[in-house]
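Chemist: Got a structure here, written out as structure tokens. Questions coming.
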Amino acid sequence: MKDIRDTTSGEPRVMVVIPPTRLHRNRDIGFKELLPHIGVAYVSAAFEAAGACVQIVDSVAERLDLDAIMSRFRAFRPHILGLTASTYQVHEADGVARAARSADPHVHIMLGGYHVSALPQRTLEEFPVYDAAMYGEAEATAMEYVEKWRRGEAVEDVAGTAVRGADGAITVNPPREAPQDLDALPFPAFHLMPLDRYRGFYSMHASHEHPLTMCTARGCPYHCIFCFKSTGSRYRMRSVDDVMQEMDRSMERFHPTQIVFTDEIFTFDKERTKAFCERMISKGYHECLHWICQDRVDLADFETLKLMKRAGCTTVSYGIESGSQEIIRSIRKNFKLEQAREAINMTKQAGIWADTNFIIGHPGDTPDTVRETIDFAISLDPDSTSFAILCPFPGTEVARMAAAGEGGLRLLSEDWTTYGKQVGEALELENISRPVLERFHRLAYMRFYLRRGKWLSLFRVVNLGAIPIYAWHTASVLIKSLFARTGHKPT
């Protein structure tokens, strides 16, 4: 097979792989959903729009091991292999990339996704198998890359990429401006994905759902210190007409029963939200599918929630993060705890499932503030909740603070396999050790769900098959903590 720059004509073959997540024991666990990866779907659509023949391999959804992935790789014989990875997946992606390089030394291998968007230079330094990386919102980058390839032009200067030169030197090209006209983007390439293998969200019968993901807006104008904003701070919206055109296509071609909106803030523009809901009702889509979104508690209002319910909304998920007003201020969430209480009450009164998310181990957290968070979550009485342990994801203010030892944070590891929110070992506090953080974590789940009327909710939201992983990890942390106190190492 020729190097991509040695081929000046013909249709480029691009394989996009979502790597498996079971090659390492320390992986994130949590909700039971398994959804189409919307970032992969958008970038794959961009590759197609540029004239490439594209194949998506979703190793997670199809439960493919490395041998099965390589079998597809050899059958398709791609010119370009693209992988995506969150932080705790980068080693799995590296394993796939190295196997592909061994099978075909000339294949051009690229990495995209959250982790490399935060650390483009470092990622290529740590993983020498990659020829290039795409960072940020990558649709235009993907199109330019393929178009240059088809014309036989060099791809080393494409904006929004980091590239490895022939001498091994890494160049991080200038970032690409985020797309302002989201209506101009091609619709996600769900036709390339194994839609019959995905599972729904917040459902007792998740396997019976036929979910799709949809993005109607990108960017977040808020500045939470634990979040890396891969789509930037400027909030950009698709028109309601464009959203409904995609909805029409999805209903006609894919027949979903559930839509999961990936917008970070669904009701940022209330008039647009109302217009969307009215269109859903007028088309009758509210009668044959339901949908889920995320929002902020300080944006919730009862009239909008009632209209969302009529339009098919069944769940709203709110990031509350702490039960301490001081911690809320310090992590820049910037709302009042009473607003959280009002939002949960209004959501439930509207007939919508109210989900919440909390984090344990913020900068400045103490055992008392962690208990406040657990108590507050219980007092809110949402329909469901999740508790995460703070993770210093690359590109976040938390990562910077942890590296500098600020805010009482203590960085324990830069082994990316430990960077999970439920299962991981990357961070602790000076006044709360990792084993104690994990003890609080278990306590939070037990106190919330082992109550009358709540334990069944656990079956709607939590991936119970991952509980053995959680138990194994808990035991390993306790054993390592014990040996650390005694001065011995486990063998």
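Chemist: Provide Asp104, Asp295, Asp181 in ascending order of the number of other Cβ atoms located within 10 Å of each residue's Cβ, fewest first.
Modeler: Asp181, Asp104, Asp295
Chemist: If contacts are Cα pairs under 8 angstrom and at least 6 residues apart, what is the relative contact order of the range 199-481 in percent?
Modeler: Relative contact order for the range 199-481 comes out at 15 percent.
Chemist: I want the antiparallel fraction of DSSP beta bridges within the chain, as a percent rounded to 5. Intermediate values should be presented prior to the final figure.
Modeler: On the way: 14 of 55 bridges.
Looking only at bridges with both residues in the chain, the antiparallel portion is about 25 percent.
Chemist: Quote the charge dipole size of the chain about the Cα centre in Debye, to the nearest 20; the model charges only the Cβ of Lys and Arg (+1) and of Asp and Glu (-1). Each step should come with its number before you reach the end.
Modeler: Details: 58 positive and 63 negative charges, 266 e Å.
Around 1280 debye, computed over the chain.
Chemist: Give me the net charge of Glu139's neighbourhood, meaning all other residues with Cβ under 14 Å from the Cβ of Glu139; Lys, Arg count +1, Asp, Glu -1.
Modeler: On the way: positive: Arg176, Arg218, Arg236, Arg238; negative: Glu48, Glu137, Glu144, Glu147, Glu177, Asp181, Asp183.
Neighbour charge sum, excluding Glu139 itself: -3.
Chemist: State the antiparallel share, in %, of DSSP beta bridges confined to the range 4-164, rounding to the nearest 5.
Modeler: 15
Chemist: Got a sec? Charge dipole of the range 199-481, +1 on Cβ for Lys and Arg, -1 for Asp and Glu; which of Phe302, Phe201, Ile378 is way out at the positive end?
Modeler: Value computed over the given set: Phe201.
Chemist: Asp241 to Ser330: extension gain in nm, 0.36 nm per residue of separation minus the Cα-Cα distance?
Modeler: 28.1 nm
Chemist: Still on this structure, please answer the following. Using the Cβ atoms and a cut-off under 11 Å, what net charge is assigned to the surroundings of Arg410, where Lys and Arg are +1 and Asp and Glu are -1?
Modeler: Numbers: positive: Arg434; negative: Glu406, Glu428, Glu430.
Counting the neighbours of Arg410, the net charge comes to -2.
Chemist: Moving on. Could you tell me the convex hull volume per residue, in Å³, taken over the Cα atoms of the range 4-164?
Modeler: In the range 4-164, the Cα convex hull volume per residue is 105 Å³.
Chemist: Hey, another quick one. Hey, with R₀ at 51 Å, roughly what FRET efficiency would Cys53 and Asp368 work out to, going by the Cβ-Cβ distance, to 0.05?
Modeler: Here the calculated transfer efficiency is 0.30.
Chemist: Something else now. Where the centroid of each part is defined by its Cα atoms, how far is the range 46-66 from the range 285-348 in Å?
Modeler: Cα centroid to Cα centroid, the span is 34 Å.
Chemist: Whole-Å semi-axes of the range 286-368's equivalent ellipsoid, largest first, each the root of 5 times a Cα gyration tensor eigenvalue?
Modeler: 28, 12, 9
Chemist: Against the globular-protein guess of 2.2 N^0.38 Å, express the Cα radius of gyration of the range 392-457 as a ratio, rounded to two decimals.
Modeler: Here the Cα radius of gyration is 1.33 times the empirical estimate.
Chemist: Contact order normalised by length for the chain, with contacts defined as Cα pairs under 8 Å and 6 or more residues apart; what percent is it?
Modeler: Reported relative contact order: 15 percent.
Chemist: How big is the range 199-481 by Rg and Dmax over its Cα atoms, in Å?
Modeler: 19.4, 59
Chemist: I would also like to ask the following. From the phi angles alone, apply the Karplus equation (6.51, -1.76, 1.60; θ = phi - 60°) to the range 52-66 and give each ³J(HN,Hα) in whole Hz, x where the residue is Gly or Pro.
Modeler: After applying 6.51 cos²θ - 1.76 cosθ + 1.60, I find 8, 8, 10, 10, 9, 10, 9, 5, 5, 5, 8, 6, 9, 8, 5 Hz.
Chemist: On to the next question. Using bins 5 angstrom wide from zero, how does P(r) for the range 55-112 break down, in % of all Cα pairs?
Modeler: The calculated distribution, bin by bin, is 4, 18, 34, 30, 12, 2.
Chemist: Sticking with this one: Would you indicate which of (i) 81, 50, 41; (ii) 64, 59, 50; (iii) 68, 65, 37 is the value of Cα extents along the principal axes in Å derived from the coordinates of this structure?
Modeler: Computing Cα extents along the principal axes in Å and matching it to (i) 81, 50, 41; (ii) 64, 59, 50; (iii) 68, 65, 37 gives (iii).
Chemist: Further question on the same structure: Each residue of the range 249-260 in order: what ³J(HN,Hα) in whole Hz does its phi give by Karplus 6.51 cos²θ - 1.76 cosθ + 1.60, θ = phi - 60°, with x for Gly and Pro?
Modeler: 4, 5, 5, 6, 9, 10, 6, x, 9, 8, 10, 10
Chemist: Given the -39500 (n - 2.57) contribution per DSSP H run of 4+ residues, what per-residue ellipticity at 222 nm results for the chain, rounded to the nearest 500 deg cm²/dmol?
Modeler: -11500 deg cm²/dmol
Chemist: Here is a follow-up. What residues qualify as long-range amide H neighbours of Trp353, i.e. H under 5 Å apart, gap of 5 or more or another chain, H built at 1.01 Å from N?
Modeler: The list, which skips near neighbours in sequence, is Thr315, Val316.
Chemist: Continuing with the same structure: Under a point spin-label approximation (7 Å from Cα along Cα-to-Cβ), what is the Arg98-His255 distance to one decimal in nm?
Modeler: 4.4
Chemist: At a Förster distance of 41 Å, what's the computed FRET efficiency of Arg451 paired with Glu125, Cβ-Cβ distance as r, to 0.05?
Modeler: Calculated transfer efficiency: 0.25.
Chemist: Would you mind calculating the gained length between Glu11 and Gln339 on full extension (0.36 nm times residue separation, minus the Cα-Cα distance), in nm to one decimal?
Modeler: Computed gain between Glu11 and Gln339 is 112.6 nm.
Chemist: Expected output is a single nm value to one decimal: the length gained when fully extending between His208 and Arg442, i.e. 0.36 nm times separation in residues minus the C-alpha distance. What is it?
Modeler: Between His208 and Arg442, full extension yields 81.3 nm more.
Chemist: Turning to a different aspect of this structure: Can you check what the net charge comes to around Phe268, using other residues whose Cβ is under 15 Å from the Cβ of Phe268 (Lys, Arg +1; Asp, Glu -1)?
Modeler: Working: positive: Arg218, Lys229, Arg234, Arg236, Arg238, Lys270, Arg272, Lys274, Arg296; negative: Asp263, Glu264, Asp269, Glu271, Asp295, Asp298, Asp301.
So the surrounding residues net to +2.
Chemist: Label points 7 Å out from Cα along the Cβ direction at Gln349 and Leu412: separation in nm?
Modeler: Taking the simple label geometry, Gln349 and Leu412 are separated by 4.3 nm.
Chemist: Please tell me the relative contact order of the range 4-164 in percent, rounded to the nearest whole number, where contacts are Cα pairs under 8 Å and at least six residues apart.
Modeler: Rounded, it is 30 percent for the range 4-164.
Chemist: Given the options Val57, Leu212, Gly364, identify the residue whose Cα lies farthest towards the positive end of the charge dipole of the chain (+1 on Cβ of Lys, Arg; -1 on Cβ of Asp, Glu).
Modeler: Gly364
Chemist: Quick one: dipole size for the range 199-481, taken about the Cα centre, charges +1 on Lys/Arg Cβ and -1 on Asp/Glu Cβ, in debye to the nearest 20.
Modeler: The calculation lands at about 360 debye.
Chemist: Taking every pair of alpha-carbon atoms in the range 109-244, what share in percent sits in each 5 Å bin, from 0 to the bin with the longest distance?
Modeler: Pair shares across the bins are 2, 9, 14, 16, 17, 17, 14, 7, 3, 1, 0.
Quick note: the coordinates plus some simple rules give every number you see, no bench work behind them. Keep in mind that this is a model prediction, so the values were computed, not measured. A quick note on method: Cβ atoms are made from the backbone with ideal geometry, for glycine too, and the neighbour counts reach across all protein chains shown.
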